[in-house]
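A short write-up of the structure that comes next.
The values are calculated or read from the model by the stated rules, or taken from the named source; none is laboratory data. Fair warning: this is a prediction, and the values are worked out from it, not measured in the lab. Note that each Cβ is placed from the backbone with ideal geometry, even for glycine, and that neighbours are counted across all protein chains shown.
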């Protein structure tokens, strides 16, 4: 039994599905543990979640609705890019209601990103 086998057994015995490193968007399942053959000192025990359009599965250190989190992030990015396009238009310069909505979107997105970074979700 080698170190990888010991790690795999510990993860399985404690109810985990694999490992993840959220700093580099990396995750692996027990059946294919550490396929990158990279340094895994920063990896955390993780749970497997259903994937989305982009990934077959997602790994996070907490049990959560991870797909919703990814979809929310995609929505925030889309809203941010749309808001940036509106800023460059005459509509933004000439309509205070539009300006208020766009500014709110940008501020909310910035706050969400800061909150996600602070809690290790970015």
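Remark: residue 45 matches the filter, which requires a residue to be modelled with pLDDT of 75 or more, closer than 21 Å to residue 21 by Cβ and over 13 Å from the mean Cα position of the chain (by Cα). Being in a strand (DSSP E or B) and at pLDDT below 85 is the filter; apply it to region 48-71 and report the residue that is surrounded by the fewest Cβ atoms within 10 Å (Cβ to Cβ). Here the residue is 50.
Is it the case, given these coordinates, that residue 43 is touching a strand residue (DSSP E or B) at 6+ places or on another chain (Cβ under 8 Å) and surrounded by fewer than 17 Cβ atoms within 10 Å (Cβ to Cβ)?
On the way: touching a strand residue (DSSP E or B) at 6+ places or on another chain (Cβ under 8 Å): yes; surrounded by fewer than 17 Cβ atoms within 10 Å (Cβ to Cβ): no.
Taking the combined requirement at face value, the residue does not satisfy it.
Considering (1) outside any helix (DSSP H, G or I); (2) at pLDDT below 85, the lone condition that residue 4 does not fulfil carries the number (1).
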